[in-house]
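A short worksheet on the structure shown next.
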Amino acid sequence: MEDSYLGFIILRPTEPQLIGRSLLSPRILLNNSFQICQTKYQTTVNSIKLNIEGFPHSSQDTETISCAETTLWAIMEYFSNKYPEYSPVLPSKIIKVLNQVSFERQIPSKGLNIQQMSFALKEFCFGTRIYSKTEYQAWFENLLSCYVESGIPVIVAIENRHAGGNIGHAKLCIGRNDLLNDAIDKLDEIRNLSPELELIIKHKSIRLYDYDDIDKKFIFIDDNQPAYQVAKLKNPAVHYVNADWHNCRITYFIVPLYPKIYLEAFEAKNFFLKFILQGPVPVKASSDVVLRCYLTSSRSFKDDIARNSTIVGDLKELILETSMPKFIWIAELSEKDLLKDKRTKGIVIIDATETNLFSYKPLILAAYDDVIITFDETAGNLVKYTLTLHNFKIFENNLKN
């Protein structure tokens, strides 16, 4: 019976937006070849306990909650079911929290701006980060992809005002499609680097690629549409019938981070790039490197390493025995052909709770080109030694297929 159970939908008397709290398994779709943030929920059907995995979804009622409040509700519904630190919130609680920063009545809802959504998440115990297209430009979609690869549902704000429209909307980006070998082959080299790093790449004939630049589709939870909509970041509202929505572009996104995560994606990526290109042990000349960066918990990462039979030799024991903080940033050093086989040839691990980026202090462990590098906190310097390394399976626990 449990294999046949695909979820539930609650209907409410708020015509035409009838869909209330719902949870559907991606298995209900004919095409579900994607990986998303999802968690297990327990429900009761005719007194029988059944489990379902998916992401919460609801439509807005256009009176008490708009797209922004629905998005906040869905995020809290997801995190509260997945982690004990968080609690689910009702629309009434969202309204109550936002009373602190609102200068007019909140019912009927006129929607929320980016700052109000970020404030609400902060009040719900997140360390939120706001990213704008204007500020991060070429890095913008790359960073959004990085957070999605980290298994974090991201609030995206879309609008068409640049095309003379008046649409403003918020929804969640929760995953991506399964990568095809053809998309990996077409991946272009990194272009948005600093001049000094570009010079190193040119001088050493290094071909460097960023996994987050792979052309792929993403999975959205949109309260105006059925769950699990598929679209590219450059055209996030392509599934709307009204052509005005097709001009919408993502202008901001909000990341609900754990409060003790101080190292955000842009800083982490730049640390990795400088580390493997400038040293102290840069990658070898004429190397081909596909850099895959993501955030994860050390507990989840070590569990995967312990079960990973493709890691042989002393590297496994070294990773498992190394003391790590609750959250870590990982950079896997792969190649295009290796990535197709879901394998990597090296790894760099840094502390996501570290604030000092002016030294190598965030480094926990690096292993590539048959060299192991660690940071000795007592002596305050790096320790390196040689160790024969082999290709091993990449980490895939952040998103579920």
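The values are calculated or read from the model by the stated rules, or taken from the named source; none is laboratory data. Quick caveat: nothing in here was measured; it's all calculated off a predicted structure. Methodologically, a virtual Cβ is constructed for each residue, glycine included, from the backbone with ideal geometry; neighbour enumeration extends over all protein chains shown. For accessibility, only protein heavy atoms count, side chains too; no ligands or nucleic acids. Shrake-Rupley method; radii C 1.70, N 1.55, O 1.52, S 1.80 Å.
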Query raised in the report: Taking ASP376, is it without any contact (Cβ under 8 Å) to a residue 40 or more places away in the chain, among the acidic types (Asp, Glu) and closer than 30 Å to SER25 by Cβ?
Result: no
Query raised in the report: So which of LYS234, LYS316, LYS284 is more than 16 Å from the chain's Cα centre (by Cα), over 30 Å from PHE55 (Cα atoms) and touching a residue at least 60 places away in the same chain (Cβ under 8 Å)?
Result: LYS284
Query raised in the report: Among the candidates ILE373, ILE319, ILE394, ILE330, which residue alone is among the hydrophobic types (A, V, I, L, M, F, W, C) and touching a Pro at 6+ places or on another chain (Cβ under 8 Å)?
Result: ILE373
Report task. Find all pairs meeting these conditions: Cβ atoms under 7 angstrom apart; at least six residues apart or on different chains; first residue within segment 213-230 and in contact (Cβ under 8 Å) with a residue 40 or more places away in the chain; second residue open to solvent by 20 Å² or more (accessible area, probe 1.4 Å) and in a strand (DSSP E or B). Result -> LYS216/ASN177; LYS217/ASN177; LYS217/VAL230; ILE219/VAL230; PHE220/GLN229; ASP222/GLN229; ALA227/LEU24; VAL230/ASN177
Query raised in the report: If you check PHE220, PHE253, PHE271, which single one turns out to be crowded, with 19+ Cβ neighbours inside 10 Å, within 30 Å of ILE19 (Cα to Cα) and out of contact with any helix residue (DSSP H, G or I) (no Cβ under 8 Å at 6 or more places or on another chain)?
Result: PHE220
Query raised in the report: Here is a list of conditions, (1) surrounded by 16 or more Cβ atoms within 10 Å (Cβ to Cβ); (2) not in a loop (DSSP other than H, G, I, E, B), and SER300 meets all of them except one; can you say which number that is?
Result: (1)
Query raised in the report: Which ones in segment 355-401 are over 30 Å from ARG176 (Cβ atoms), of a type in the set (Phe, Trp, Tyr) and assigned to a loop (DSSP other than H, G, I, E, B)?
Result: PHE358, TYR360
Query raised in the report: Which condition number in (1) open to solvent by 10 Å² or more (accessible area, probe 1.4 Å); (2) part of a helix (DSSP H, G or I); (3) under 26 Å from PHE79 (Cα atoms); (4) in contact with a strand residue (DSSP E or B) (Cβ under 9 Å, 6 or more places away or on another chain) is the one that LEU318 fails?
Result: (3)
**Report entry** Members of segment 364-381 found to be surrounded by fewer than 18 Cβ atoms within 10 Å (Cβ to Cβ), touching a Ser or Thr at 6+ places or on another chain (Cβ under 8 Å) and under 12 Å from PRO280 (Cα atoms), listed by number
**Finding:** VAL371
Query raised in the report: Considering segment 348-363 alone, what residues qualify as being surrounded by 12 or more Cβ atoms within 10 Å (Cβ to Cβ), within 24 Å of the chain's Cα centre (by Cα) and more than 25 Å from PRO153 (Cβ to Cβ)?
Result: VAL348, LEU357, PRO362, LEU363
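Could you tell me how many of the residues in segment 41-60 are charged (D, E, K, R) and closer than 21 Å to ILE155 by Cα?
Residues that pass the stated criteria total 1.
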Query raised in the report: Which of the residues spanning segment 337-352 are in contact with a strand residue (DSSP E or B) (Cβ under 6 Å, 6 or more places away or on another chain) and in a helix (DSSP H, G or I)?
Result: LEU339
Report summary line: All conditions in (1) surrounded by fewer than 19 Cβ atoms within 10 Å (Cβ to Cβ); (2) under 19 Å from GLY175 (Cα atoms) are true of HIS246 except (2)
Query - When residues of segment 205-217 are limited to those that are open to solvent by less than 30 Å² (accessible area, probe 1.4 Å), part of a loop (DSSP other than H, G, I, E, B) and in contact with a strand residue (DSSP E or B) (Cβ under 8 Å, 6 or more places away or on another chain), the one modelled with the lowest pLDDT - result: ILE206
Query raised in the report: What residue, of ASN166, ASN142, is of a type in the set (S, T, N, Q), at pLDDT 90 or above and either closer than 24 Å to SER87 by Cα or touching a strand residue (DSSP E or B) at 6+ places or on another chain (Cβ under 9 Å) (or both)?
Result: ASN142
Query raised in the report: Is it the case that ILE94 is open to solvent by less than 10 Å² (accessible area, probe 1.4 Å), over 20 Å from the mean Cα position of the chain (by Cα) and at pLDDT below 90?
Result: yes
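Scan segment 226-238 residue by residue and report those that are open to solvent by 40 Å² or more (accessible area, probe 1.4 Å) and more than 24 Å from ARG191 (Cβ to Cβ).
Answer for segment 226-238, where residues must be open to solvent by 40 Å² or more (accessible area, probe 1.4 Å) and more than 24 Å from ARG191 (Cβ to Cβ): PRO226, VAL230, VAL238.
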